[in-house]
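Just below is one structure, and these are the notes that go with it.
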Amino acid sequence: MSIDPQPQFDLSFNNTLGVPARAAWYAELHEASDLPLLVRWAKEHDMAVRALGGGSNLVMHEQVSGLTIKVSIRGKTRIDSGSSRQRWRLGAGESWHETVVDLIEQGGSGVENLALIPGTVGAAPVQNIGAYGVELADCLYRVEAYDTQENQWRQFTREACEFGYRDSVFKQQENRFIITAVELDLDQEFQPRLSYGPLQELANLPDLNARDVLAKVIEVRQSRLPDPMVLPNAGSFFKNPVITSETYSALVKNHPNLVVYAQPGGWKLAAGWLIDQCGLRGQSNVDGVGCYEHQALVLVNPKRAPAASIQAWQALVQGAVLERFGVELEPEPRFWA
Ligand code: EPU
C-alpha cells in the first residue's frame, strides 16, 4: 500500500470548532485508487473508517477511534455532457468555496449563492449544503463514492442521494460511503435566485450577473458569520426545526413575532431567533463556549475547549428553547467519538 496510516494523529487543526482531538489512526488520501486498500487495512485491524473533509461540520471527541481518512483528492475537469448545461467533475478534496469562485470565473452559474461555505467538495453532498434559497441538490448531477460495507465503487444519481434539508443517504448511513468525486451541472445562462432578503436589492441592478451575486453573498456572510480561522465555529449548530401547522398555530398565539418560513406540509422555524429570544446570543460558559454575538445559531469556541464543553453548551441551549417554546433543537454537526 502506498499510504501508511499513522497512529495518534493530532486533529486539533483539522476541525473548524478547534476542539483538541487525536485520531487513533490517520491517513491522507490523494488518489481514489488507494481507497480500497486503506479500507481493507482498517477491516483487517477491526477498525471503523471515517472520511474527513474540511472538518467544518464536526464535533470531535478527544480520542477519535478507528481510521480517519483525510480526503485530499484534487481535480476540476469540464466534461462534455451533450446538454446545454456545464458539467464539472470535481475531486472530493477541493475546497468548496475556491471551487465556487473558479466555476463562476469560468462562466458557469447556479452555485453563486453557496459561496464561502466552509469545507470540501466531497463533504457538500453529505449535508446537502444550502444557503440563500439554494441547496447543493439543485445543481448536483452525480456523486462517486466507495461503499466500505460492500467493498465496491458506487455512482449516486441525484435521486439516489436522497437529499433533504441538511440531509442525504451519506448522512443517514453514516461512515458507509466515502465520497471521492462530485459532478455538478451548472447553468450556461445565468438565472438569478434572489428570494433571500439581502439579495433582493440586487434585482434592480442592470446587467446583473453571477459575479455580482457571488460578491453580495460573500459580503453578507462575512458580515454575519464568524470566520472559523479567526473564531472557531462549525456554522449553524442546530437545524431549523420543521413543525406542523398545529404546532405553529399554538406557538404563534403566545409568540406573535415568531420567525417562520412556509414549507411544504408545515413550517420551518428560525432556530437562531428562538435561541436569541432565550437571551443566549452573545452568552457563553466558563470555557468560553457560547452563541455568537451576531448570530445565535452559531456556536463559537474561542478558547478551543474540548467536545464536553461544546456538548454542555448545546444541552443548555436545547433546554432553554424547549422550556420557552416547547421545541426540540437537533444539532447539525456530526459527532465523532
Ligand atoms: N435571527 C435572530 N437572531 C439571531 C439569529 C437569527 O433573530 O441571533 C433571525 C434573523 O433575523 C432572521 C432569522 O432568524 O429573521 C433567520 O436567520 P438567518 O437569515 O441568519 O438564517 P438561519 O435560518 O439562521 C440558515 C442556514 C444557514 C444559511 C442561512 C442563509 C440552517 C441551519 N442554517 O440560517 O446555513 O447560511 O440560512 O440561507 O439552515 C449552516 O448550515 O451552517 C449555515 C450557516
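Highlighted here are the strands (runs of 3 or more DSSP E) found entirely within region 41-122 that include at least 2 residues which are at negative phi and hydrophobic (A, V, I, L, M, F, W, C): 49-52, 58-60, 63-71, 86-91. I'd like to check something: does region 153-168 contain any residue that is acidic (Asp, Glu), in the same structural domain as PRO192 (by TED's automatic domain parsing) and within 16 Å of the ligand (Cβ to nearest atom)? Scanning region 153-168, I find no residue that is acidic (Asp, Glu), in the same structural domain as PRO192 (by TED's automatic domain parsing) and within 16 Å of the ligand (Cβ to nearest atom), so the answer is no. Restricting attention to region 298-313 and to residues that are surrounded by fewer than 17 Cβ atoms within 10 Å (Cβ to Cβ) and among the small types (Gly, Ala, Ser), the residue that is nearest to the ligand (Cβ to nearest atom) turns out to be ALA312.
Entry remark, region 7-24: residues being touching a Gly at 6+ places or on another chain (Cβ under 7 Å) and not in a loop (DSSP other than H, G, I, E, B) number 1 in total. Close contacts from region 270-297, counting a first residue that is within 19 Å of ALA131 (Cβ to Cβ) and near the ligand (Cβ under 6 Å from one of its atoms) and a second that is in a helix (DSSP H, G or I) and hydrophobic (A, V, I, L, M, F, W, C), with Cβ to Cβ under 8 Å and a gap of 6+ residues or different chains, come to ALA296/TRP273; ALA296/ILE275; LEU297/ALA271; LEU297/ILE275.
Report the residue count in region 65-79 for those that are under 24 Å from SER309 (Cα atoms) and either surrounded by fewer than 24 Cβ atoms within 10 Å (Cβ to Cβ) or not β-branched (Val, Ile, Thr) (or both). Within region 65-79, residues that are under 24 Å from SER309 (Cα atoms) and either surrounded by fewer than 24 Cβ atoms within 10 Å (Cβ to Cβ) or not β-branched (Val, Ile, Thr) (or both) number 2. Name the residue, out of VAL121, VAL59, VAL100, that is modelled with pLDDT of 95 or more, of a type in the set (Val, Ile, Thr), buried (at least 18 other Cβ atoms within 10 Å of the Cβ) and closer than 19 Å to ARG154 by Cβ. It is VAL121. Scan region 327-337 and give yes if some residue there is at pLDDT below 95, away from the ligand (no atom under 16 Å from the Cβ) and under 22 Å from the mean Cα position of the chain (by Cα), otherwise no. Yes, region 327-337 contains a residue that is at pLDDT below 95, away from the ligand (no atom under 16 Å from the Cβ) and under 22 Å from the mean Cα position of the chain (by Cα).
Look at region 53-74: where a residue is within 16 Å of the ligand (Cβ to nearest atom) and a partner is among the hydroxyl-bearing types (Ser, Thr, Tyr) and part of a strand (DSSP E or B), sitting 6+ places away or on another chain with Cβ atoms under 6 Å, you get GLY53/THR120; GLY54/THR120.
The values are calculated or read from the model by the stated rules, or taken from the named source; none is laboratory data. Bear in mind that the values here come from a model prediction, so they are computed numbers and not experimental data. All Cβ positions, even for glycine, are placed from backbone atoms using ideal geometry, and neighbour counts span all protein chains on display.
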